[in-house]
Amino acid sequence: MSPIIKTAGLTKHYQLSEDNIVKALNGIDLEIQEKEMLAILGPSGCGKSTLMHIIGLLDEPTSGKIYLDGDDVSKLTPDERAELRNKYIGFVFQSFNLLPKTSAIDNVELPLIYSGTPSSQRKQKATEALEKVGLGDRLNHRSTQLSGGQQQRVAIARALINNPRLVLADEPTGNLDSASGKEILELLKDLNSQGNTIIMVTHDQNIAKAAKRTIKMKDGLIASDIKNHK
């Protein structure tokens, strides 16, 4: 069975000026199997967020290849990347990225609007997604009326709404207190047990331990790749 994500010799360089090039990724070879729960761990500046952005088709590599389900997606146009993102990938961000004056259900519906899902189906699917993350009684609450942990649950529901093959979570507990952070980690683990492939980016060793596999990055390279004991 081919991996859901594979990278080969992946590099990403940013030309800040004529004589200043930042080498964020320096040759990443990585395979991620379907239904894995993987943590990408490392300090700020190690390349972990850059790697996630390329895996999530938010950016393209300078060189090397990235494969999604065996298909080379390294050099797609922005429109082609956007179409695949909406179909295959759900995102969870540290800052939630919710519309503040909009209800939970309307926030969750947004990806369905972009994919052209009829209005009648959108409400039903968004309701089911919010119930799945334990917010069935908060459908019409605005983001500003929800706690940080509840806002992150809305963001996770939104990430799941199109039944993505892959969920990418960038510091998903970074803006939460410890109790809410534990709840979000348990939710991600539960989603993984239901078959979702989860990739978390974090600088926190304790967060990474929640995953089944941890990749440590340093200076744009993979420093170690270990299975976590459960």
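Condition check ((1) closer than 19 Å to G56 by Cβ; (2) in a helix (DSSP H, G or I)) across all residues:
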| site | (1), (2) |
| --- | --- |
| E80 | yes, yes |
| N86 | yes, yes |
| F96 | yes, no |
| P100 | no, no |
| I105 | no, yes |
| P111 | yes, yes |
| G116 | no, no |
query = Got a sec? Which of N140, N107 is touching a helix residue (DSSP H, G or I) at 6+ places or on another chain (Cβ under 7 Å), exposed (fewer than 13 other Cβ atoms within 10 Å of the Cβ), over 26 Å from K35 (Cβ atoms) and at pLDDT 90 or above?
reply = N140
key: Test: residue in the range 3-14 that is free of Cβ contacts under 8 Å to residues at least 12 places away in the same chain and more than 22 Å from I207 (Cβ to Cβ)   = yes
ask   = Would a scan of the range 195-202 turn up a residue that is at pLDDT 90 or above, within 30 Å of H13 (Cβ to Cβ), buried (at least 23 other Cβ atoms within 10 Å of the Cβ) and not β-branched (V, I, T)?
value = yes
query = Among the residues of the range 143-155, which ones are in a loop (DSSP other than H, G, I, E, B) and either among the polar types (S, T, N, Q) or touching a strand residue (DSSP E or B) at 6+ places or on another chain (Cβ under 8 Å) (or both)?
reply = S147
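Every residue, every condition in (1) out of contact with any Phe, Trp or Tyr (no Cβ under 8 Å at 6 or more places or on another chain); (2) under 19 Å from G45 (Cα atoms); (3) assigned to a loop (DSSP other than H, G, I, E, B), yes or no:
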residue: G174; (1), (2), (3): yes, yes, yes
residue: I184; (1), (2), (3): yes, no, no
residue: N192; (1), (2), (3): yes, no, no
residue: I207; (1), (2), (3): yes, yes, no
key: Filter pass, R158 being part of a helix (DSSP H, G or I), surrounded by 16 or more Cβ atoms within 10 Å (Cβ to Cβ) and modelled with pLDDT under 95   = yes
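The values are calculated or read from the model by the stated rules, or taken from the named source; none is laboratory data. Since this is a predicted model, take the numbers as computed values, not measurements. Virtual Cβ from ideal backbone geometry, glycine too; neighbours counted across all protein chains shown.
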